[in-house]
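Encoded as structure tokens, the structure appears first; notes follow it.
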Amino acid sequence: MIKYENMPGDGKFGEFGGVYVSETLIPALKELEKVFLASYRDPKFISEYGDIMRNYVGRPSPLYFARRLTEYCGGAQIWLKREDLNHTGAHKINNTVGQVLLAKRMGKRRLIAETGAGMHGVATATVAALFGMECEVFMGEEDIRRQSQNVDRMRFLGAKIAAVKSGTATLKDAMNEALRSWVARVEDTFYVIGTAAGPHPYPTMVREFQSVIGRELAVQCMENFSRYPDKIFACVGGGSNAIGIFAPFIGDPNVELVGVEAAGSGLETGMHAASLNGGSLGVLHGNKTFVLQDEFGQIKNTHSVSAGLDYPGVGPEHSFLKSTGGARYSFATDSEAVEAFLKLSSLEGIIPALESSHAIAGAMREARDMDKNKIVVVNLSGRGDKDMASVSEYLNSKK
Ligand SMILES: *Cc1c(COP(=O)(O)O)cnc(C)c1O
């Protein structure tokens, strides 16, 4: 089930999205759009993608009933879509496999990527190794410090790490550098964007590759309960795991779609990364969307305990869904996310990523007040192994 059947050439979602980049990149984006449109419904492409999904990534990911977490909350049934069980430990690989197949079709031999928590960097370095391509990953120095384990993983996979010192030395700065570097070497380089943001065609392309999550979920729901769930929760950084699980259900009046943003120390403190709840219309990384900015349009510093959500923008389709009411966007603070992280670990034996913990926190809060026969699905976007140091550091700071 593909929404926006006639993908508009300018990649607009209402007033959001579009292409706001330097002229040098326009031909490259046009070529990418052409190759993507010609490929993603080509049976040969679909079969190659599907084969890698099954035999390398390990799909389909299970839909798991969290019995003890459900009993603890005492309301709706909570089910988890287990993207944490994918090869490399998160949903990111669904997208990097799709993009590397496009790079191959375009004859590019070099991949670049930006990364925050390092999961997208690892997923890009992984497909570069799989296809024998060169790979360079841009990562902020602050994130290199917070996520040193993923830095080692990328190096072992054969990628080069470019440390980014500008700004807050986090994800937005890494994306600025990656875009700059792409302008300089656009002939032989494919830029693998890790979320449903950036200039057209990235938001549409990333949604299509990630919607494997939602398409599987639709089938699994029919098998398990012969209907679709009442609510679907997903955390929103740039918005790729959320749009991927939402896509087939957009417009279904019986399924409520809930994105959960990172409220950091609290929306009122200004130290957060909740672009949809606390931002305003602006342009960031090549598209028009909700952005955290000051009155002069300067991008604000963001904060989240979770490096993967620490981003001052959001994919334009989420801005569109917010403005049309097609989805609802709530938020969870650092402390609520860490609490959910600890609860899921101790009640289910599943250590979630700090990003995913925001979705769990949002779901726990609402499931409590729902009837026992209601069904809630949470996109468990990744596993928490990378977050051991961040959680310990957070808990020690609260002692
Ligand atoms: C990167 C990441 C996110 C945030 O990115 P989205 O594009 O918003 O999905 C969420 N969860 C995990 C596990 C991640 O690695």
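The values are calculated or read from the model by the stated rules, or taken from the named source; none is laboratory data. All values reported here derive from a predicted model rather than from experimental measurement. Positions of Cβ are backbone-derived with ideal geometry, glycine not excepted, and every protein chain shown enters the neighbour counts.
Entry remark, region 70-96: residues being surrounded by 24 or more Cβ atoms within 10 Å (Cβ to Cβ) and in contact (Cβ under 8 Å) with a residue 60 or more places away in the chain number 11 in total. Entry remark, region 125-149: residues being within 14 Å of the ligand (Cβ to nearest atom) and at pLDDT below 95 number 4 in total.
Here Gly107 clears all of (1) at negative phi; (2) more than 15 Å from the chain's Cα centre (by Cα) except the condition numbered (1). Considering region 151-174, and only residues there that are modelled with pLDDT under 95 and either of a type outside the set (D, E, K, R) or farther than 28 Å from Ser22 by Cβ (or both), the residue that is surrounded by the fewest Cβ atoms within 10 Å (Cβ to Cβ) turns out to be Ser166. I'd like the residue in region 87-124 that is in contact with a Cys (Cβ under 8 Å, 6 or more places away or on another chain) and within 14 Å of the ligand (Cβ to nearest atom) and, out of all such residues, is farthest from Glu177 (Cα to Cα). Only one residue tops the list, namely Thr124. Across region 13-52, what is the number of residues that are touching a helix residue (DSSP H, G or I) at 6+ places or on another chain (Cβ under 9 Å) and touching a residue at least 12 places away in the same chain (Cβ under 8 Å)? Qualifying residue count, region 13-52: 23.
One line per residue, one yes/no per condition, for (1) over 20 Å from Tyr202 (Cα atoms); (2) aliphatic (A, V, I, L, M); (3) touching a Phe, Trp or Tyr at 6+ places or on another chain (Cβ under 6 Å); (4) modelled with pLDDT of 95 or more:
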residue	(1), (2), (3), (4)
Gly237	no, no, yes, yes
Pro253	yes, no, no, yes
Glu256	yes, no, no, yes
Ala262	yes, yes, no, yes
Gly278	yes, no, no, yes
Gly282	no, no, no, yes
Pro312	no, no, no, yes
Leu321	no, yes, no, yes
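When each of Gly244, Gly238, Gly266 is tested for being touching a Lys or Arg at 6+ places or on another chain (Cβ under 8 Å) and closer than 24 Å to Lys172 by Cα, the lone residue that passes is Gly244. Of all the residues in region 351-369, those that are in contact with a strand residue (DSSP E or B) (Cβ under 8 Å, 6 or more places away or on another chain), within 13 Å of the ligand (Cβ to nearest atom) and hydrophobic (A, V, I, L, M, F, W, C) number 4.
Per the conditions (1) more than 21 Å from Thr115 (Cβ to Cβ); (2) over 12 Å from the mean Cα position of the chain (by Cα); (3) crowded, with 24+ Cβ neighbours inside 10 Å; (4) within 16 Å of the ligand (Cβ to nearest atom), the sole criterion not satisfied by Val258 is (3).
In this structure, does Pro352 turn out to be crowded, with 24+ Cβ neighbours inside 10 Å and within 20 Å of Asn86 (Cβ to Cβ)? Yes; evaluated as a whole, the condition is true for this residue. Here Thr195 meets each of (1) in a loop (DSSP other than H, G, I, E, B); (2) at pLDDT below 95; (3) under 16 Å from the mean Cα position of the chain (by Cα) with one exception, condition (2). Please work out if Lys372 is more than 16 Å from the ligand (Cβ to nearest atom), over 30 Å from Gly11 (Cα atoms) and surrounded by fewer than 24 Cβ atoms within 10 Å (Cβ to Cβ). Spelling it out, Lys372 is indeed more than 16 Å from the ligand (Cβ to nearest atom), over 30 Å from Gly11 (Cα atoms) and surrounded by fewer than 24 Cβ atoms within 10 Å (Cβ to Cβ).
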